[in-house]
Amino acid sequence: MSAAERPDRVDFLDKVTGRAAFISDLDVPGMVHGKVLRSTMPHARITGIDIDAALSMPGVIGIVTGSDLGGIDPIWGVSLKDRPLIAIDRVRYVGEPVAVVVAETEALAEEALDAVMVDYDPLPYVTEAAEALAPNAPLIHDGVQPLKDFYFKGEAKPVAGTNIFQTYAYETGDVDAAFASADRVFEDSFDFPMVYHYAMEPHCGIASFGDDGLTVWSCGQAPTAVQKVLSRIFDLPIARVRVITPLIGGGFGGKASVKIDPLVATVAWKIGRPVRICFSASESMLTARRLSATVNLKTAVSADGMLQAKSVEVLMNGGAYADTGPAVAIKAAIRAIGPYKIPNLRLRSTAVYTNTVPGAAFRSIGGPQGVWATESQMDIIADALGIDPVELRYRNMLKRGEHVRPDLTPIDVDMAEAMGLASQAMSRLDAQEPHRRIVHGTALGIADPANSPVAGVLLRLKIDGSIAVISSSIEVGQGIREVLCRVAAEQLGQPVAAVSALTPDTAIAPFDWGTGASRSSLMMALAIEDAAADIKAQIGDIAASTLGLDPARIELVAGGFTADDKRYSFADLLHPYFGIDSGELIGIGRISPRSRGGALAKAPLFWETAAGRCGITLDEDTGEIAVKRYVSVADIGRAINRTGAEGQDEGAAIMGLGHALFEELIYADGQPVNGTMIDYHVPTIDDVPAQFETVLIENGGGPGPGGMRGMGEGAILPIAPAIANALATGFGIRVKQLPLTPERVWRALQDKKDR
Amino acid sequence: MADLASLDISFTLNGAPQTHSVAPFALLIDFLRDDLALKGTKRSCDVQVCGACTVLVDGLPVSSCTSLAADIDGKSVVTIEGLAEHGKLSPVQQAFVDHAAMQCGFCTPGMVLATTALLERHPHPTEQEIRHYLRGNICRCTGYIKILEAVKSLV
Ligand code: FES
Ligand code: FES
């Protein structure tokens, strides 16, 4: 295929023709199907489960409950060991798996679910974080054990005898003195709700035990974390747990760390056959969600608008099990700082268990929560001081190379440039379609991705010049397979059409921390750089020993290399070397905190940043906001796949639009009241601003090849506060709670009239 | 099982006449995916909200998750597998590829089929018509920007 005919991404042809096999499309020989019976109670003791009637129904093969876990470790986690494989004697949220019915078909399993009878003895429950902190709150866990350096570096700090599973504190400067002497002190509290990922492919997994151990076809974004957790549960050597990750229909963090594989594998273990469990979208909604947060900000400012001190106090609702919530809680506090010079800083974060769906990673963990608060308050300050909000930001902006926090890597982008480009682009859009009543709002976001510099890749250069890239980075839509191909092609000087990226399989792919936190493109590019260098060194050695060439004069070209003006194919090299006209070279790339002389150990490895500017109108009779135009700016250093990078930015911004305007998982009486896709509204094509522009800055300066940074999460950060800021500027109402529903906005308008 | 109650249906599938027996309660999505192994039709919401399971029945977009297989008797069904001819992408498929109008690709079969139906009925839709017509097809990845570009390129 010529370069011109080659699609933008290696996976497009399969995807557009329906050939692409997603995890929910797979068939494994002999597999049977599990369906999950879920708790209808927010918090209860299970006093009995009657499975007899269900067991005798047609096609039913077996039923697994919490009483079947003898011989394996029934409790697991990634931050804290707090989660049963399936409810054991007690349920902690509506939706928790209580029993799995396995049958010959999904339909037969589903039918038999109704025949399983569960008796509950209700316990007091709590769904709000503030209530979970109360001294008399029901205790959701009797005691949990932090897992140090298990998935993230470090360990959670729960408080014994309470529902608190994480506490975090950081302080620099003299915060109290700064507050005492400040011209002005602003105190505001902001709320961010639970929101749901809604990756369009629901969670799905297949597990099979055999002589060679446990094989899992997983939708998990971190195959090696899945592997590790499963090895602990079943006491299997890690090398005997194989995790294969086909194409996944979206993740956004909802499939990060470890989600459903322990349950699927447990059922397969008990039943003794390959088992597939595919959730419905409603079940996936009961599996993971973003942590809701209340963020209290106290900020000291001089009369001319210079930030002098800031105190960030975050309270997060982590749901029934901690998952990666402890990391989210830390990031929410840090990401609430913003790209500003603040000499005195106090960060506090607390995350609590409640009887709700477990909170989990979601695109820029903690970021939207923290940025929502801080960027709303920046405009509050600007308004009170009579300073233009953009000007207030310029005055306080960190320059490239200055510290967000003394112990973190200095900011590596020019945020003033990004904000300037956002304004310019918006002026262009305004000029294209003049509209008298458009009101603008701006917000910025910065995030310190947890890049965990532990990664690896194999490059296999075949004798015919074709190249296979073997990596654990999963293709979840972000386009990693194309990035792997392009970087490998570039590093080896070969046409990209010669390169393919294999399906991740822990049996052959080197260890990698996981796919998330905007890290995969960067980490894999670094690993490929090393693997390509390894291959080049091998080519040089073999050329010297076999062909008598000087390695220093070898230059890779498409299909082979040149030396002293003579062209050699890879076969010209490998045929004499191996003695037969076959074979390959294998290059290994390993990334660790010690790679690149320790340069990859710094935290963060780069800053993921975004500037957003919106133009909105408001129907003052209904409170309905229309986002007419939006500009999203990100400094990504360098794009490997420019169109793909734009698409990531656009997707993140529109996902953020959903968070801003309507997304919220609501609880009443311990029950999720909008837990289906009928009731939970995500953005449709109709919600997209009529004018939308993504500006990607490619100035280099990042840690990857050509100065690239990770990207794909930043654009979700600024859009909600940008819209709220426009509301305040244009209509004099400051809404401090998301989403900005018509009702909430309308009430704010009424309150203003009544004042 | 349920042989007694099964119905014989005849229909055209991606241009080829077919006859099959289906249970009266079988959903079209299950019939396509499980009985005919046409896995390009995707299941997401199950409740006619997301459009991932869209197929064309007599040229109109239909949510196969909430349609009965029995109802395609006598009709013509097109699934995503039936759009490309002899390996050549349909114009809509080609536009989606050219404009990078997909990421995870899970919504893509439904989105492509809905767009195909739109352009059959309205070869020159306005932006408003495009938005209105594709409102029933959710994409969580792309933010729709490149999907809109792809569709507009065909107008
Ligand atoms: S699965 Fe049919 S419309 Fe969503
Ligand atoms: S491309 Fe993933 S849902 Fe549309």
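The values are calculated or read from the model by the stated rules, or taken from the named source; none is laboratory data. In this text, all values refer to a predicted model and were calculated from it rather than measured experimentally. Note: ideal-geometry Cβ built from the backbone for every residue, glycine included; neighbour counts use all protein chains shown. Side chains included, ligands, DNA and RNA excluded: accessible areas come from the protein's heavy atoms. Shrake-Rupley method; radii C 1.70, N 1.55, O 1.52, S 1.80 Å.
Table for the structure above
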item	result
Strands (runs of 3 or more DSSP E) (entirely within segment A:581-698) containing at least 3 residues that are closer than 27 Å to A:A336 by Cα	A:608-619, A:624-635, A:691-697
Hits in segment A:86-106 (condition: open to solvent by 10 Å² or more (accessible area, probe 1.4 Å) and within 22 Å of A:I206 (Cβ to Cβ))	A:P97, A:E104, A:T105, A:E106
When residues of segment B:69-113 are limited to those that are of a type outside the set (A, V, I, L, M), under 13 Å from the mean Cα position of the chain (by Cα) and part of a helix (DSSP H, G or I), the one farthest from ligand 1 (Cβ to nearest atom)	B:Q93
Selected residue [within 16 Å of ligand 2 (Cβ to nearest atom), open to solvent by less than 20 Å² (accessible area, probe 1.4 Å) and on the phi > 0 side of the Ramachandran plot] from B:A95, B:A100	B:A100
Condition check for A:A130: within 28 Å of the chain's Cα centre (by Cα), open to solvent by 40 Å² or more (accessible area, probe 1.4 Å) and under 23 Å from A:A288 (Cβ atoms)	yes
Residue that is over 30 Å from B:L27 (Cβ atoms) and either of a type in the set (A, V, I, L, M) or modelled with pLDDT of 95 or more (or both), where the choices are B:T108, B:T126	B:T126
All positions within segment A:27-46 that are open to solvent by 10 Å² or more (accessible area, probe 1.4 Å) and within 24 Å of B:L38 (Cβ to Cβ)	A:D27, A:V28, A:P29, A:G30, A:M31, A:H33, A:K35
Test for A:G173: is it within 14 Å of chain B (Cβ to nearest Cβ) and in contact (Cβ under 8 Å) with a residue 12 or more places away in the chain	no
Top-ranked residue in segment B:29-47 [being among the charged types (D, E, K, R) and touching a Cys at 6+ places or on another chain (Cβ under 7 Å); ranked as farthest from ligand 2 (Cβ to nearest atom)]	B:D46
When residues of segment A:288-300 are limited to those that are open to solvent by less than 10 Å² (accessible area, probe 1.4 Å) and within 16 Å of A:A320 (Cβ to Cβ), the one farthest from ligand 2 (Cβ to nearest atom)	A:L291
Residue check for A:M31: more than 7 Å from chain B (Cβ to nearest Cβ) and closer than 22 Å to A:S284 by Cβ	yes
Where B:T66 falls short, out of the listed (1) in contact (Cβ under 8 Å) with a residue 24 or more places away in the chain; (2) under 15 Å from the mean Cα position of the chain (by Cα); (3) under 24 Å from A:H203 (Cα atoms); (4) open to solvent by less than 50 Å² (accessible area, probe 1.4 Å)	(4)
Test: residue in segment B:128-141 that is over 15 Å from the mean Cα position of the chain (by Cα), crowded, with 19+ Cβ neighbours inside 10 Å and within 12 Å of ligand 2 (Cβ to nearest atom)	yes
Elements of type strands (runs of 3 or more DSSP E) contained in segment A:466-561, each with 3 or more residues being open to solvent by less than 50 Å² (accessible area, probe 1.4 Å)	A:467-470
Tabulated pairs, segment B:46-58, first in contact (Cβ under 8 Å) with a residue 60 or more places away in the chain, second basic (K, R) and within 16 Å of ligand 2 (Cβ to nearest atom), C-beta under 8 angstrom, 6+ apart or interchain	B:A52/B:K42; B:A52/B:R43
Selected residue [within 30 Å of A:P683 (Cβ to Cβ) and surrounded by fewer than 19 Cβ atoms within 10 Å (Cβ to Cβ)] from A:D149, A:D235, A:D191	A:D191
Residue check, A:Q166 within 22 Å of A:W76 (Cβ to Cβ), touching a residue at least 12 places away in the same chain (Cβ under 8 Å) and open to solvent by 60 Å² or more (accessible area, probe 1.4 Å)	no
Output for segment B:138-155, where each listed residue is facing chain A (nearest Cβ under 7 Å) and within 16 Å of ligand 1 (Cβ to nearest atom)	B:I138, B:R140, B:C141
Exclusive hit being open to solvent by 10 Å² or more (accessible area, probe 1.4 Å) and more than 13 Å from every other protein chain (Cβ to nearest Cβ), set A:L661, A:L618	A:L661
Top-ranked residue of segment B:17-28 - restricted to ones that are more than 12 Å from every other protein chain (Cβ to nearest Cβ) and of a type in the set (A, V, I, L, M, F, W, C), ranked as nearest to ligand 2 (Cβ to nearest atom)	B:L28
Count of segment B:117-127 residues which are within 15 Å of the chain's Cα centre (by Cα), within 12 Å of chain A (Cβ to nearest Cβ) and open to solvent by 10 Å² or more (accessible area, probe 1.4 Å)	0
Criterion violated by B:D3 - all others in (1) modelled with pLDDT under 95; (2) in contact with a Lys or Arg (Cβ under 9 Å, 6 or more places away or on another chain); (3) of a type in the set (D, E) satisfied	(2)
Of the criteria (1) open to solvent by 30 Å² or more (accessible area, probe 1.4 Å); (2) under 23 Å from the mean Cα position of the chain (by Cα), which one A:Q671 fails	(2)
Filtered residue count, segment B:54-107, keeping only those that are at the interface with another protein chain (Cβ under 9 Å from one of its Cβ atoms) and closer than 23 Å to A:I678 by Cβ	3
Test set (1) within 16 Å of ligand 1 (Cβ to nearest atom); (2) in a strand (DSSP E or B) - B:T12 fails condition number	(1)
Members of segment B:30-53 found to be more than 9 Å from every other protein chain (Cβ to nearest Cβ) and either more than 7 Å from ligand 1 (Cβ to nearest atom) or over 24 Å from A:P202 (Cα atoms) (or both), listed by number	B:F31, B:L32, B:D35, B:L36
Residues (of a type in the set (V, I, T) and under 21 Å from A:R276 (Cβ atoms)) located in segment A:105-129	A:T105, A:V116
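Every residue, every condition in (1) in the same structural domain as B:C141 (by TED's automatic domain parsing); (2) within 30 Å of A:Q221 (Cα to Cα), yes or no:
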| position | (1), (2) |
| --- | --- |
| B:L38 | no, yes |
| B:R43 | no, yes |
| B:L68 | no, no |
| B:F96 | yes, yes |
